[in-house]
Amino acid sequence: MEHIIALHQVYGELIFRGLKSVEIRKARAFSEGDTVFLYIARGNPHTLRETMRRLGLSEEHTLTQRGTIAGGFEVGEVIEADVETLWELTKERSGLAFVHGEERGKKWLLEYIRDTGYAFTIERPFLFREPVTRDYMKEKYGVRVEGIIHLSSRTRKTWVRNLIGELMGREAIYL
């Protein structure tokens, strides 16, 4: 199955730089072998700047552009665990500790997950040679994409199935 999810730009940058190898969600949104396309959402610009600075880079060096479907990954192992176990298994691989520090990262996870959550390992990340912009989606599919989205090929909406079909055929660079 294929999915399109929104992800803050800072986490997209970490995925495409090989520094984030798990995605955490409250629900079992994906299965092993699924393809996940990433719509790059804005997030906190200060957090992005600080993270890029820690990487020794500036914002001009970002691999992604806000408001685009920039690339994606294949889902590997799916881990279901209580929040404490999830933190221990993923704190170094989720980007939370890197972006927010251990204390704030763990606090964020506790507020987001509460009891039980899921970690999806990121396999074969890829960037599109030409990202799909918000303007392009509006022009071609007649939709305005803003904020957080989660679309899947399971939908009955023709435009979503057509968009996913187009994404599957786009030229990608595997990282």
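Every number in this text was worked out from the coordinates using simple rules, so none of it is lab data. Since we're looking at a predicted model, the values are computed, not measured. Here the Cβ is made from the backbone with ideal geometry for all residues, glycine too, and neighbour counts use every protein chain on show.
Roughly how many debye, to the nearest 20, is the charge dipole of the stretch 2-174 about its Cα centre, given +1 on each Lys and Arg Cβ, -1 on each Asp and Glu Cβ, and no other charges? Present the calculation step by step, with values, prior to reporting the outcome.
Numbers: 27 positive and 26 negative charges, 124 e Å.
Once rounded to the nearest 20, the dipole reads 600 debye.
Note on Thr158/Met1: beta-carbon distance plugged into 1/(1 + (r/R0)^6) with R0 of 22 Å gives a FRET efficiency of 0.80. Between the beta carbons of Leu175 and Arg114, assuming R0 = 45 Å, the FRET efficiency works out to 0.85 to the nearest 0.05.
Both radii come from the Cα set of the chain: Rg as radius of gyration, Rh as Kirkwood radius; their ratio Rg/Rh reads 0.95.
Other residues with beta-carbon under 9 Å from the beta-carbon of Leu55 carry, at +1 per Lys or Arg and -1 per Asp or Glu, a net charge of +2.
For the chain, the mean residue ellipticity at 222 nm estimated from helices alone is -10000 deg cm²/dmol, where every DSSP H run of n ≥ 4 contributes -39500 (n - 2.57) and the total is divided by all residues, rounded to the nearest 500.
Taking Cα atoms only, the orientation of helix 102-113 departs from the longest principal axis of the chain by about 60 degrees.
Net length available on complete extension from His61 to Asp82 is 3.9 nm, with 0.36 nm assigned per residue and the Cα-Cα distance removed. When the Cα positions of Ser94, Leu19, His3 are compared along the charge dipole of the chain, His3 comes out farthest toward the positive end, with charges on each C-beta of Lys, Arg, Asp and Glu. In order along the stretch 35-52, the Karplus-derived 3J(HN,Hα) couplings, from 6.51 cos²θ - 1.76 cosθ + 1.60 at θ = phi - 60°, round to 10, 10, 9, 10, 8, 7, 8, 5, x, 7, x, 5, 4, 4, 4, 5, 5, 4 Hz, and Gly and Pro are given as x. With respect to the cross-link table entries Lys26/Lys138; Lys20/Lys91; Lys20/Lys157; Lys26/Lys157; Lys20/Lys138; Lys26/Lys140, which display a Cα-Cα separation exceeding 21 Å? Pairs exceeding the cut-off: Lys26/Lys138; Lys20/Lys157; Lys26/Lys157; Lys20/Lys138; Lys26/Lys140.
Taking Lys and Arg as +1 and Asp and Glu as -1, the other residues whose beta-carbon sits under 12 Å from that of Arg42 total +1. Highest-first packing order for the peptide set 40-49, 11-20 is 11-20, 40-49, based on the mean count of other beta carbon atoms within 10 Å.
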